[in-house]
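Since the structure comes first, as structure tokens, the remarks are kept for the end.
The values are calculated or read from the model by the stated rules, or taken from the named source; none is laboratory data. Source: prediction; values computed, not measured. Here the Cβ is made from the backbone with ideal geometry for all residues, glycine too, and neighbour counts use every protein chain on show. SASA here: full protein model, heavy atoms, side chains in, ligands and nucleic acids out. Shrake-Rupley method; radii C 1.70, N 1.55, O 1.52, S 1.80 Å.
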Amino acid sequence: MEFTVNDFHVKECKIGEYRPNTAYKLCGKGLQNSNKERDLGMVLDSKLSPEEHIKNSVRGAYASLSSFKLAFNYMDGEVLKKLFMTFVRPKLEYAAVVWCPNLKKHINKLGTVQRHVTKWLLELKKKSYEEIFEALNVSKIEDRRKRGDMIITYKIVTGID
């Protein structure tokens, strides 16, 4: 199959700087170099590190949390659980199968958001981190990522995906 310039938007194509000072061309037109790129809501750098994506996810999660603090004087466990599961957790888990963190610093950065939220609950303040999740009937972000990995692995192995 042969491609022509009309098949690609060459201006939209970029090359990660894997080999600096190397000129790449597509259909005879030069491609721009880029240190990081956003595609489908994910940000990856030329080393394929999710660092920037995680930073943006955590920033967005904290922005949502600060909005909740401004909007509500008091939140019981159920309200906080619904707000967290609806607005915050999706930001922290979006496309996690692709960028799943493997460095301790990335895992801790994501878990810090969830631990921060649990400190808001006055009635659960004296309980441990694990006891709070049991009381709210919520799974930890790390556990949800593992579950997501198992689901995608099952789909690949069985030919569903």
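For residue 43, the residues 5 or more places off, or on other chains, whose built amide H falls under 5 Å of its own are 53. Stretching the chain fully between residue 119 and residue 157 yields a gain of 9.7 nm (0.36 nm per residue, less the alpha carbon separation).
A Förster radius of 22 Å combined with the Cβ-Cβ distance from residue 112 to residue 66 puts the calculated FRET efficiency at roughly 0.90.
A Cβ-based charge dipole, computed about the Cα centre of the chain with Lys and Arg at +1 and Asp and Glu at -1, lands at about 540 debye. Counting pairwise Cα distances across region 35-161, what percent come out greater than 18 angstrom? Result: 58 percent of Cα pairs exceed 18 Å.
Label zone of residue 36 (point 7 Å out along Cα→Cβ, amide N under 20 Å): in region 65-97 this covers 91-97. By accessible area, using a 1.4 Å probe on protein heavy atoms only, the chain has 55% of its surface on carbon and sulfur. When the Cα positions of 86, 110, 70 are compared along the charge dipole of region 60-120, 110 comes out farthest toward the positive end, with charges on each C-beta of Lys, Arg, Asp and Glu. The charge dipole of region 44-91, taken about the Cα centre with unit charges on the Cβ atoms of Lys, Arg (+1) and Asp, Glu (-1), comes to about 40 debye, rounded to the nearest 20. Working note: 222 nm ellipticity from helices only, DSSP H runs with n ≥ 4, each -39,500 (n - 2.57), summed and divided by the residues of the chain, gives -14500 deg cm²/dmol to the nearest 500. Annotation: per residue accessible area for the chain equals 69 Å², rounded to a whole number [probe 1.4 Å, protein chains only]. Can you pick out the pairs among 82/109; 69/155; 69/105 whose Cα atoms lie more than 29 Å from each other? Where the Cα-Cα span goes over 29 Å, the pairs concerned are 69/155.
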